[in-house]
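What follows is one structure encoded as structure tokens, with my remarks underneath.
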Amino acid sequence: MLADPSIRYQPYTPLNLPDRQWPGKVNRAPPIWLSTDLRDGNQALANPMTIPQKMVFFETLVKCGFKEIEVAYPAASDTDFNFVRMLIEENRVPDDVWLQVLTPAREDLIKRTVESVAGAKRAIIHMYNATCCLFRTVVFHNSKEETVNLAVKHTEIVRKLTDECTAKHGTQFRYEYSPETFSQTEPEFALEVCEAVKKAWGRAGPAFEDRIIFNLPATVEIGPPNHYADLVEHFCRHISEREKIYISLHPHNDRGTSTAAAELGQLAGADRVEGCLFGNGERTGNVDLVNLALNLYTQGVHPKVDFSDIQAVIDVVTACNDLPVHPRHPYAGELVFTAFSGSHQDAIKKGFEAQRERHAKARAQGEREYWDMPYLPIDPADLGCTYEAVIRVNAQSGKGGIAYLVQQHLGLDMPRKLQIAFYQVIQEIADREAREMTVEDITTAFRKTYHLGGSVYEGRLALRSFRISAESAPGGAEGEAVDERRQFDGTILVDGQLRVIRGDGNGPLSALLDALRTHLQVDLCLREYSEHTISQDASAKAASFVELVWNSGDVKGTRAAAESFWGVGIDPDIAGSGLRAVLSAANNAIADRALPELKLSVGAGFSAASGQADVATAILNALRLELPRRLQAAFFEEVQRAAAGSGGEISYDALVGLFRETYGYYEEEEGDARFAVKSFKLEHLNASGRAKLSGEFIINGKPVSLAAEGNGPLSAAVEAVNRGLDGRVSIREYAEHSIGEGSEVKAASYVEVAYEGPGGSPKLTTWGVAIDSDITASGLKAVLAATKAVEHADEAARKAAAQVAQQ
Ligand SMILES: [Zn+2]
């Protein structure tokens, strides 16, 4: 570069226009658009478009709403000529679209140009000749007078040929004249040429179709946009019969200010703009029509061209031009709705939240829902872009952006401290892999970290089933709020093995934490908890977030612990979501540390609660039965009795055998079944559930026929059983669950019956357990199994009664 560029370059000559009006004006209406993609844009391509490419491009322009399209320079090439013919002969041009064709001021070329559009419904002949001093003297060796004469003579030729064509083919013509290199032409001379051309054309009128178009090209952009605006205003103010003229702009982008030039040129009085989509064109290109249109749109003015699916337009244009759109190109670049920086992401996230509230308020009051977002001048959705693209995450990004993506894709509003914790997880991955994180990377990392979204992401601890029950703490004085305790009974998967665990606390979460402490020696405390609902479609779910810390033994130390573990849970049930969140955090706390194995220790000194649950765990894993809590307690007593002789230890097999024996539980098929339903018939007697049961059963190995009525099949079965007894049985508790899946699914039933002997002899309670593929049958079998112990008692009672009678 030169030390003093003024020795080589001259500044533009400013126009003396002290009363210029354009700086005070505002654009409130779109101009008439002309796309010259297929002419000026196409001429600038290394490989000009093929006819099929031009056709696709043309259709895209029509679809976007362009009503004036410069389709070719027909005299310059056969491809161009043939393309115009094809558009007309194949009827590709909608009635309201004007085909524009360019011709230089030469008679034979004008002739061929007019021929090219013969038969079109509507056409604009666009003729140009160079008018600036440099071109006049150096390129064409014409005087001013010769230049004017050339324009006049050839305008007359256009007039004559188009008249003939209209007469012969009915084509409606308009005329556009360009004083080529207008921005470098002396302003007075540009006016002189145009006045002469207008006179030669001779039929300009105020109606839309009659107006002559004077196109004022900044063929090469040589000055700042305000200079161009001055030139345009000067032209508009001085040309005669302004009302019969459309003033058109044709800015190029040599200085990178074509958009500004076009906008200021419109303020200066222009009615029309010629340009290309995404600014294709010779050298630095023509002005970008998409940019201009969307600039208007963001001012609340519809541009009358539509880019609702901007990506589809980009796809066509880049394929036809074989040129990319720059990633930071206004409105269209891949990165323009993207924020990488943490502070921007944070602002956008807050902006969206604030806007949602503002819009809800505005909606409620019937007011407009204005778009007002930090860093986003336009709603990406208006251009068919999803918000996904708005925030992208790399190692420079902040927690706000990540939280936004999690919110958008998983519907979760993370508490602030969780945002920080998860941000560190993402930072680590981004750093390690040294790449940008996609939305999928982030959501997958979230699911993995917090064990969300099915078995793929499950941790070492996973909730299978649970029951929360409440019991009032003793000692609540009358009228005082009773301090209710919560009991957690549940089945969790621990390293792939089912475990029955239970615990107490003043809420469901602390009851689960108590259970983890008791059964797995995982001693954690709750530090933070929050939840919110996720409404997706019709079904609302609850999301819970918990922060756990290791229990250090004293409250202060625990509260201040530096290390904490976050967990997230989602469940249709709010308690379920909290419990899942606790297990999620517990998974993160235990990492890969060893967990205590199940011990079947039932002796003295062992906690009854944990002993019962451990016994239940053994039955669960051996028989897939989830024992109700009271049955756990009942069976545990049996186990303790059986183990008393062997120092409190009992083998796994002995335990399972004891269970089968005690509850008449056999899975074998009928042959050697001791309690079986051979056949039964159930009649529903009325809508309230009254039923009549009749059938053949095997009770303790013996076939028995029964028939009775009751408030349902089980009470009918009890009724039938009672007929054979001196005393009475009644059902105290009934529970059921399914085992297995699909066609293999079976029902497991648990029935506790109470027996009262004749004459009010002491009550006996006993359980029966059964499974069957039919849920009614499994219930009936369980009732029958429970009567086994009752039969002995009844017989004893009968004998006792007989003895009393004999005496
Ligand atoms: Zn041009």
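Does residue 710 satisfy being surrounded by 14 or more Cβ atoms within 10 Å (Cβ to Cβ) and within 30 Å of residue 464 (Cβ to Cβ)? I'd like the intermediate steps shown before the answer.
On the way: surrounded by 14 or more Cβ atoms within 10 Å (Cβ to Cβ): yes; within 30 Å of residue 464 (Cβ to Cβ): no.
Answer is no for this residue.
Kindly establish whether residue 336 is away from the ligand (no atom under 16 Å from the Cβ), touching a His at 6+ places or on another chain (Cβ under 9 Å) and closer than 24 Å to residue 375 by Cα. Answer is yes for this residue. Checking every residue in region 676-686 against the condition of being among the β-branched types (Val, Ile, Thr), assigned to a strand (DSSP E or B) and crowded, with 17+ Cβ neighbours inside 10 Å gives at least one match. When the residues of region 282-303 are filtered to those that are within 16 Å of the ligand (Cβ to nearest atom) and assigned to a loop (DSSP other than H, G, I, E, B), the one that is surrounded by the most Cβ atoms within 10 Å (Cβ to Cβ) is 287.
The lone criterion from (1) buried (at least 20 other Cβ atoms within 10 Å of the Cβ); (2) within 25 Å of residue 123 (Cβ to Cβ); (3) not hydrophobic (A, V, I, L, M, F, W, C) left unmet by residue 228 is number (2).
Could you please tell me which pairs satisfy a Cβ distance under 8 Å, a separation of 6+ or placement on different chains, a first residue in region 321-338 that is part of a loop (DSSP other than H, G, I, E, B), and a second residue that is among the aromatic types (Phe, Trp, Tyr) and at pLDDT 90 or above? Taking only residues 6 or more apart or on different chains, the pairs are 325/278; 329/278; 331/307; 332/278. Total residues in region 700-745 satisfying the condition of being at pLDDT 85 or above, out of contact with any helix residue (DSSP H, G or I) (no Cβ under 7 Å at 6 or more places or on another chain) and β-branched (Val, Ile, Thr): the figure is 2.
When residue 521 is tested against (1) on the phi < 0 side of the Ramachandran plot; (2) exposed (fewer than 15 other Cβ atoms within 10 Å of the Cβ), exactly one condition is not met: (1). Just a yes or no: is a residue in region 628-647 over 55 Å from the mean Cα position of the chain (by Cα), modelled with pLDDT under 80 and either aromatic (Phe, Trp, Tyr) or not in a helix (DSSP H, G or I) (or both)? Looking through region 628-647, at least one residue is over 55 Å from the mean Cα position of the chain (by Cα), modelled with pLDDT under 80 and either aromatic (Phe, Trp, Tyr) or not in a helix (DSSP H, G or I) (or both).
Within the group 347, 270, 312, 260, which residue is in contact with a Phe, Trp or Tyr (Cβ under 9 Å, 6 or more places away or on another chain), assigned to a helix (DSSP H, G or I) and assigned by TED's automatic domain parsing to the domain that holds residue 66? Within the list 347, 270, 312, 260, the selection yields 260.
A single entry from 178, 183 fulfils the requirement of being part of a helix (DSSP H, G or I) and within 16 Å of the ligand (Cβ to nearest atom): 183. Scanning region 172-195 for residues that are within 17 Å of residue 149 (Cα to Cα) and of a type in the set (Val, Ile, Thr) returns 185, 193. Residues considered: 56, 84. Of these, the only one that is under 46 Å from the mean Cα position of the chain (by Cα), touching a residue at least 40 places away in the same chain (Cβ under 8 Å) and more than 16 Å from the ligand (Cβ to nearest atom) is 56. Going by the conditions given, is residue 798 basic (Lys, Arg) and modelled with pLDDT under 80? Spelling it out, residue 798 is indeed basic (Lys, Arg) and modelled with pLDDT under 80.
Taken over region 232-259, the criterion of being surrounded by fewer than 19 Cβ atoms within 10 Å (Cβ to Cβ) and among the small types (Gly, Ala, Ser) is satisfied by 240, 256. Scanning region 59-77 for residues that are within 16 Å of the ligand (Cβ to nearest atom) and of a type in the set (Gly, Ala, Ser) yields a count of 2. When the residues of region 87-114 are narrowed to those that are touching a residue at least 40 places away in the same chain (Cβ under 8 Å) and surrounded by fewer than 21 Cβ atoms within 10 Å (Cβ to Cβ), which ends up nearest to the chain's Cα centre (by Cα)? Among them, the one singled out is 111. Among the residues of this structure, residue 131 counts as one that is under 30 Å from residue 187 (Cβ atoms), crowded, with 23+ Cβ neighbours inside 10 Å and either at pLDDT below 95 or not assigned by TED's automatic domain parsing to the domain that holds residue 220 (or both). Among the residues making up region 208-231, those that are more than 20 Å from residue 176 (Cα to Cα) and away from the ligand (no atom under 16 Å from the Cβ) are 223, 224, 225, 226, 227, 229, 230. Against the definition (within 16 Å of the ligand (Cβ to nearest atom) and small (Gly, Ala, Ser)), how does residue 275 come out, yes or no? Yes: the conditions hold for residue 275.
Can you tell me which residue in region 258-272 is farthest from residue 63 (Cα to Cα), limited to those that are within 16 Å of the ligand (Cβ to nearest atom) and under 38 Å from the mean Cα position of the chain (by Cα)? Applying the filter and picking the extreme gives 258. Of all the criteria given as (1) β-branched (Val, Ile, Thr); (2) at pLDDT 95 or above; (3) over 25 Å from residue 51 (Cα atoms), the one not satisfied by residue 114 is (3).
Checking each residue in region 574-584 for being closer than 19 Å to residue 455 by Cβ and among the small types (Gly, Ala, Ser) picks out 576, 577, 581, 584.
If you take the residues in region 12-44 that are part of a helix (DSSP H, G or I) and surrounded by fewer than 14 Cβ atoms within 10 Å (Cβ to Cβ), which one is nearest to the ligand (Cβ to nearest atom)? Outline the logic, then answer.
Taking region 12-44 and keeping what is part of a helix (DSSP H, G or I), we get 22-24, 37-43.
After this cut, where a residue has to be surrounded by fewer than 14 Cβ atoms within 10 Å (Cβ to Cβ) as well, the list is 23-24.
Values: 23: 26, 24: 30 Å.
Per the stated criteria, the residue is 23.
For region 528-546, the set of residues classified as modelled with pLDDT of 90 or more and among the aliphatic types (A, V, I, L, M) consists of 542, 543, 546, listed by residue number.
Within region 266-291, residues that are more than 25 Å from residue 312 (Cα to Cα) have Cβ atoms under 6 Å from residues that are within 15 Å of the ligand (Cβ to nearest atom) and at pLDDT 95 or above in these pairs: 270/249; 272/248, counting only partners at least 6 apart in sequence or on another chain.
The values are calculated or read from the model by the stated rules, or taken from the named source; none is laboratory data. Quick caveat, the model's predicted, so the values are computed rather than measured. Every residue, glycine among them, receives a Cβ derived from its backbone with ideal geometry; neighbour counts consider all protein chains shown.
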